[in-house]
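Below you'll find the structure, written out as structure tokens, and then a few comments.
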Amino acid sequence: MRIEKYFYGVCALCLLLSCQQVAKQVDTPVLPTKPFEMGEVVITKGPFKHAEEKETAYLLELEPDRFLSGFRSEAGLVPKAPKYEGWESLGVAGQSLGHYLSACAMYYATSGDERFLQRLEYTINELDSCQQANGDGYLAATPDGKRIFKEVSAGKIYSQGFDLNGGWVPLYVMHKVLAGLIDTYQYAHNERALAVAEKLANWMYGTFQHLTEEQMQKVLACEFGGMNEALANLYACTKNEKFLALAQRFDNHKAIMDSLAVGVDDLEGKHANTQVPKVIGAARLYELTGSKRDSAIASFFWHTVVQNHSYVNGGNSDGEHFGTPGQLNERLSTSNTETCNTYNMLKLTRHLFSWQSLPEYSAYYERAVFNHILASQNPDDGMCTYYTPLISGGKKGYLSPFQSFCCCSGSGMENHVKYGDFIYSEGSDSSLWVNLFIPSQLNWTDRKMIVTQDTDIPSSDKTVLTVKTE
């Protein structure tokens with residue numbers, strides 16, 4: 001079957017291969033669509049394929065032992081290599097390793113390239129050794145982290161927003177590590193990664209479960225990434241109720257969530273990317289528990305950020321912070337649109353599209369992935385931006401490959417190996433949703449069908465879908 005469709009402007013296409021989808025109002029979340037597995041979609045050509053190739057070549061240049069250096073030293077083991085520079089040599093050491101695990105696992109799932117599997121297995125084995133040396137499930141590269149969490153567990157808690165008991169966002173870093181372990185299990189089927197993740201989460205449960213609500217709010221005042229999401233995902237893998245209970249504690253940051261739950265935009269002046277990951281966690285908890293509060297938080301946050309705080313390229317924030325809703329013209333600078341923010345907004349969009357497959361979600365995803373994520377990478381050497389300036393005369397600055405590790409270099413490792421993540425979705429009625437016009441091939445395992453998309457949009461207004469089936 002050969003289908004040709006000419007497009008005048010950008011739109012959403014739903015190719016119905018069976019009955020028409022019917023929305024259902026139910027009390028528990030029944031998702032009308034779901035994304036395909038990572039290995040079922042591959043990019044075939046064009047700028048997205050080029051970006052993927054540049055990123056995977058860079059991943060193979062990176063040395064796991066340098067990412068592991070801080071984990072070994074904090075566990076009392078001798079490092080096998082010096083730390084990388086940038087954040088990896090500062091108090092936020094360790095977050096890059098989590099992103100590295102996720103990126104390698106995702107690309108292995110997509111490509112089957114054994115080189116990435118070997119790196120994953122080596123890194124997980126090393127983390128397991130570090131965890132065993134710590135003796136209690138703790139696993140981190142945060143300098144002085146054991147002292148920090150010992151004080152927190154005893155109820156001595158203080159924070160000014162980006163520190164917890166003097167340590168630079170240790171829970172933010174731990175979230176990246178936990179997420180990387182879970183991705184390694186899910187995408188590379190590494191059972192040891194799951195075991196390390198479970199031990200770490202059990203240690204967390206022992207550290208936080210006895211804190212009072214007042215004490216826990218003090219903990220949550222320090223940026224903690226998407227710890228609620230990672231723990232929810234771990235619960236989904238293990239069905240361990242302790243992990244769900246802990247995820248719900250991290251989901252209850254009252255200073256942010258209470259306003260969002262009742263539809264109040266109280267984001268002005270707040271650090272933008274501190275908030276997006278915790279809302280992704282709320283979205284994931286809605287999918288697992290049916291919590292109406294969590295679904296309201298995720299939906300309202302997405303709409304208010306996209307409609308009132310986002311620039312034309314799909315990014316948000318100036319100098320990492322939200323401003324006055326709907327007033328962006330006076331917030332054009334060299335520090336617009338932090339790349340991590342859009343990385344996280346796309347994750348949130350993917351969740352919401354699965355709940356209610358509306359064109360506004362796929363249209364935003366398309367706008368952001370073409371105009372910000374793809375544009376955040378230097379096509380010559382694969383290096384990424386921290387900011388994408390929107391002021392007239394602004395110039396993008398790219399991070400260096402080995403000296404400037406930070407949050408956006410970490411999310412950048414993932415961004416360019418998962419372009420196939422949202423091109424297609426599968427409807428609960430076995431319909432196929434084509435959300436993005438990117439040259440790609442879908443191996444639809446359940447339907448024994450191969451769908452190939454050939455396009456050079458936006459250079460033209462045409463895409464061709466070829467469907468092969470028995």
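Overview of results
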{"item": "Over 23 Å between alpha carbons, listed pairs LYS83/LYS242; LYS239/LYS418; LYS150/LYS270; LYS218/LYS270; LYS199/LYS254; LYS242/LYS418", "result": "LYS83/LYS242; LYS239/LYS418; LYS150/LYS270; LYS199/LYS254; LYS242/LYS418"}
{"item": "For the stretch 153-300: rounded, prolate or oblate by the Cα gyration tensor [a/c cutoff 1.5]", "result": "oblate"}
{"item": "Length gained when the stretch HIS271-ASP144 is fully extended (0.36 nm per residue, less Cα-Cα span)", "result": "43.2 nm"}
{"item": "Cα gyration tensor shape for the stretch 78-198, rounded if a/c is under 1.5, else prolate or oblate", "result": "prolate"}
{"item": "The chain, relative contact order in percent, only Cα pairs under 8 angstrom and at least six apart counted", "result": "24"}
{"item": "Partners for LYS54 among aspartates and glutamates (Cα-Cα distance below 16 Å; same-chain residues under 8 apart left out)", "result": "ASP113, ASP380, ASP381, GLU414"}
{"item": "Accessible solvent surface per residue of the stretch 93-154, calculated while the other protein chains remain in place, 1.4 angstrom probe, Å²", "result": "33"}
{"item": "Two-site FRET efficiency, THR324 against GLU114, from Cβ-Cβ distance with R₀ of 45 Å, rounded to 0.05", "result": "0.30"}
{"item": "Accessible area per residue, Å², the stretch 337-470 with all protein chains present, probe 1.4 Å", "result": "35"}
{"item": "Note, ³J(HN,Hα) from phi for the stretch 464-470, Karplus 6.51, -1.76, 1.60, rounded to Hz, x at Gly and Pro", "result": "10, 10, 10, 10, 10, 8, 5"}
{"item": "Of all accessible heavy-atom area on the chain, the percent that carbon and sulfur account for (1.4 Å)", "result": "50"}
{"item": "The stretch 387-429: C-alpha gyration tensor shape, a/c 1.5 cut-off, then a/b vs b/c", "result": "oblate"}
{"item": "Amide proton proximity set for ASN336, modelled H, under 5 Å, gap of 5+", "result": "GLY319, THR388, LEU390"}
{"item": "In sequence order, calculated HN-Hα J values of the stretch 248-259 (Karplus, 6.51, -1.76, 1.60; Hz; x Gly/Pro)", "result": "5, 5, 6, 7, 10, 7, 4, 4, 10, 6, 4, 5"}
{"item": "Amide H within-cut-off set for LEU164, under 5 Å, with H built and near neighbours excluded", "result": "VAL169"}
{"item": "Label-point separation in nm, ALA154 to ALA236, each point 7 Å along Cα→Cβ", "result": "3.9"}
{"item": "Net length gained if the chain between THR44 and LEU332 were fully extended (0.36 nm per residue, minus Cα distance)", "result": "100.1 nm"}
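The values are calculated or read from the model by the stated rules, or taken from the named source; none is laboratory data. Not measured: the values here are computed from a predicted model. Positions of Cβ are backbone-derived with ideal geometry, glycine not excepted, and every protein chain shown enters the neighbour counts. Just the protein is used for accessible areas: all its heavy atoms, side chains included, with ligands, DNA and RNA removed. Shrake-Rupley method; radii C 1.70, N 1.55, O 1.52, S 1.80 Å.
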